[in-house]
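The values are calculated or read from the model by the stated rules, or taken from the named source; none is laboratory data. Remember, it's a predicted structure, so these values are computed and weren't measured experimentally. Glycine gets a Cβ as well: all are built from the backbone with ideal geometry, and neighbour counts include every protein chain shown. Surface accessibility is based on the protein's heavy atoms, side chains included, excluding ligands, DNA and RNA. Shrake-Rupley method; radii C 1.70, N 1.55, O 1.52, S 1.80 Å.
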Amino acid sequence: MSRTVLITGATRGLGRAIAVAFAKSGYQVALNYAHNEASAREALAEVEQHAANGGSGAIFKADALSEAGVTQLISDVSAHFGQAPDTLIINATPPQYEKELSDYTDEDLASMHAAFILGPHYLTKAALPSMKQNKFGRIIHITSEVFDLGLPRFSAYVAAKGGQIGYMRSTANELAPHGITVNALAPGWIPVERHDDVPQETRENYLATIPVGRWGTPQDIAHTALFFAHQDSGFVTGQSISVNGGKTNG
C-alpha cells in the first residue's frame, strides 16, 4: 500500500527538503502552502524530478493554522490521492518576533499560540479518523532548539514551542494504543532562504557553538523525519530529537 504524507509549509526551506526526501522514498507527497503559488510550483517540480519507487507530489493551498483551512486541506488531499494522509509533518510557521520582554503585547503571544498550539491541534484532530481506522499513523512536529536554549528576546516563540512539545508528549501517550506515533524534531539554526539577510558575523558566532563544526543542512532534518515516519519506528513515540550538531545535548 502506498503511503501519503502531508507536509505543511512545504514549498520552501526545511519543508521543501523534507518533501523531496519523502518523494525519493516512494511517498505520495502533499505539499501545503499558504500564499506563494510560484514557489509551490517550483517545489512540486523538484519533488517530481526526484520522485522514485512510485513517489509523486501535488500542491495544496490552505491556511494550515486555521481549523476551516485544515479541514478543507485534509479533504482535498484525501480526494486527490484516494486516501487520507497517514503521515503528518507539522512544519508551517509564521515570522517569529524578536523583542524585549516589556515590548511584547497580548496579540504577539496569542499569534504564537495560534501557530504552534492551535494549528498543530487542528491538524492532528483532522488527520486522526483515518489513522485510527487504519491503526497506523505518524505525526511529526517540527519544533526548535530554542525551547532548550531559552533564547532571549524570543519569549513568545520559545513559550509556544514549549507548549507544542508538551502537546506532542501528551498526544503521543493518548494515541499510542491506536498504532499512531507522535514525535518532535527540533532543528538548530539551519540557514535557508528566509535567513539571507542575516549578517555574516551572526552566522560565524552561531557556527562556532556547533560541536560538530559544520552547518546543518535541510537534508539532515529530512533524514530524521524519515526515521520517525518509517514503518519500523513504531516503538519510538513521545520523543523530541534535537538535530543541531550537538548544540543541545542534555
*Where a residue in the range 43-61 is acidic (Asp, Glu) and its partner, wherever it lies, is surrounded by 15 or more Cβ atoms within 10 Å (Cβ to Cβ), with Cβ under 6 Å and at least six apart*: 46/20; 48/57
*Would you confirm whether any residue within the range 3-14 is touching a residue at least 60 places away in the same chain (Cβ under 8 Å), in a strand (DSSP E or B), open to solvent by less than 20 Å² (accessible area, probe 1.4 Å) and not aliphatic (A, V, I, L, M)?*
yes
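So which of 152, 129, 191 ends up being open to solvent by 30 Å² or more (accessible area, probe 1.4 Å), modelled with pLDDT under 95, within 25 Å of residue 19 (Cα to Cα) and not aromatic (Phe, Trp, Tyr)? First the steps, then the outcome.
Numbers: 152 fails: within 25 Å of residue 19 (Cα to Cα); 129 fails: modelled with pLDDT under 95.
The match here is 191.
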*Hey, any hits in the range 73-89 for a residue that's crowded, with 19+ Cβ neighbours inside 10 Å, assigned to a loop (DSSP other than H, G, I, E, B) and among the acidic types (Asp, Glu)?*
yes
*For residue 54, all conditions in the list (1) open to solvent by 30 Å² or more (accessible area, probe 1.4 Å); (2) among the small types (Gly, Ala, Ser); (3) at pLDDT 95 or above; (4) not in a helix (DSSP H, G or I) hold save one; what is the number of the exception?*
(3)
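To keep it simple, each residue is scored yes or no on (1) open to solvent by 30 Å² or more (accessible area, probe 1.4 Å); (2) modelled with pLDDT under 95; (3) in a helix (DSSP H, G or I); (4) within 18 Å of residue 248 (Cβ to Cβ).
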site: 97; (1), (2), (3), (4): yes, yes, no, no
site: 113; (1), (2), (3), (4): yes, no, yes, no
site: 119; (1), (2), (3), (4): no, no, yes, no
site: 139; (1), (2), (3), (4): no, no, no, no
site: 161; (1), (2), (3), (4): no, no, yes, yes
site: 166; (1), (2), (3), (4): yes, no, yes, yes
*Among the residues of the range 227-248, write down those that are in a loop (DSSP other than H, G, I, E, B), closer than 25 Å to residue 214 by Cα and hydroxyl-bearing (Ser, Thr, Tyr).*
248
